[in-house]
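As structure tokens, the structure follows; a few thoughts come after it.
Please treat every number below as a calculation from the coordinates, not as lab data. This structure is a prediction, so every number in the text was calculated from the model and none was measured. When we count neighbours, we look across all protein chains shown, and the Cβ atoms used for this are built from the backbone with ideal geometry, even at glycine.
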Amino acid sequence: MSWIFLVGSGVLEAVWALALGRTEGFSRLVPSVVFGVALVGSLAGLALAMRTLPIGTAYAVWVGIGAALTVGYSMATGAESISAVRVMLIVALVGCVIGLKVTH
């Protein structure tokens, strides 16, 4: 169950990171609310996962999921450039996250 909380909180990390970019200094209400709700949910899920998972593993997986999804979404929407090297690095990041799960 901890891994489910961890993956869910990693997804919410990407949500709050993307919402934060749209708040325009917290002057826009909807993105600011999405940011706040996703941030609280993300940290709560991480805290629940850390009850049974090692802190280093949980944090690395949380950050890895959030980073990969944030960059992937940004590349898919054209906000960031796509290159073979960038895609390979994201795939490597995801592979490392999976490796942490497998070796746990």
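Since only Gly10, Thr70, Val30 are under comparison, the one whose Cα sits farthest along the positive direction of the charge dipole of the chain, derived from C-beta charges on Lys, Arg, Asp and Glu, is Gly10.
Figure legend: label point modelled 7 angstrom from the Cα of Arg22 along Cα→Cβ; residues of segment 72-97 with amide N under 20 Å from it are 72-81. Within the listed set Ala79, Ala47, Ala38, the residue fluctuating most in the Gaussian network model of the chain (springs between alpha-carbon atoms under 10 angstrom) is Ala79. Kindly list the residues of segment 48-69 that lie in the label zone of Cys96, defined by a backbone N under 15 Å from the point 7 Å along the Cα-to-C-beta vector. Only 56-69 pass the distance filter. Each residue of segment 87-102 was assigned a 3J(HN,Hα) from its phi angle through the Karplus expression (A = 6.51, B = -1.76, C = 1.60, θ = phi - 60°), giving 5, 4, 5, 5, 4, 5, 4, 4, x, 5, 5, 4, x, 5, 5, 5 Hz with x at Gly and Pro. Considering helices alone, the calculated mean residue ellipticity of the chain at 222 nm is -28000 deg cm²/dmol, with DSSP H runs of length four and up weighted by -39500 (n - 2.57) and normalised per residue. So which residue, out of Ala58, Ala44, Ala84, gets the largest mean-square fluctuation from a GNM of the chain using Cα contacts under 10 Å as springs? In this elastic network of the chain, the residue with the biggest mean-square fluctuation among Ala58, Ala44, Ala84 is Ala84.
Hey, got the dipole for the chain? About the Cα centre, +1 on K and R Cβ, -1 on D and E Cβ, debye to the nearest 20?
Details: 5 positive and 3 negative charges, 23 e Å.
That gives the chain a dipole magnitude of about 100 debye.
Our summary of shape: the Cα atoms of the chain have principal axis extents of 42, 35, 17 Å, ordered from largest down, in whole angstrom. Mean-square fluctuation check for the chain, GNM, Cα pairs under 10 Å: which of Leu18, Leu43, Leu89 is largest? Residue with maximal mean-square fluctuation among Leu18, Leu43, Leu89: Leu89.
Modelled spin labels at Val30 and Ala60, positioned 7 Å past Cα toward Cβ, are 3.9 nm from each other.
Can you figure out the FRET efficiency of Thr103 with Arg51, using R₀ = 25 Å and their beta-carbon distance, to the nearest 0.05?
According to the calculation, E is roughly 0.80.
Cα centroid separation, segment 59-80 to segment 8-54: 13 Å.
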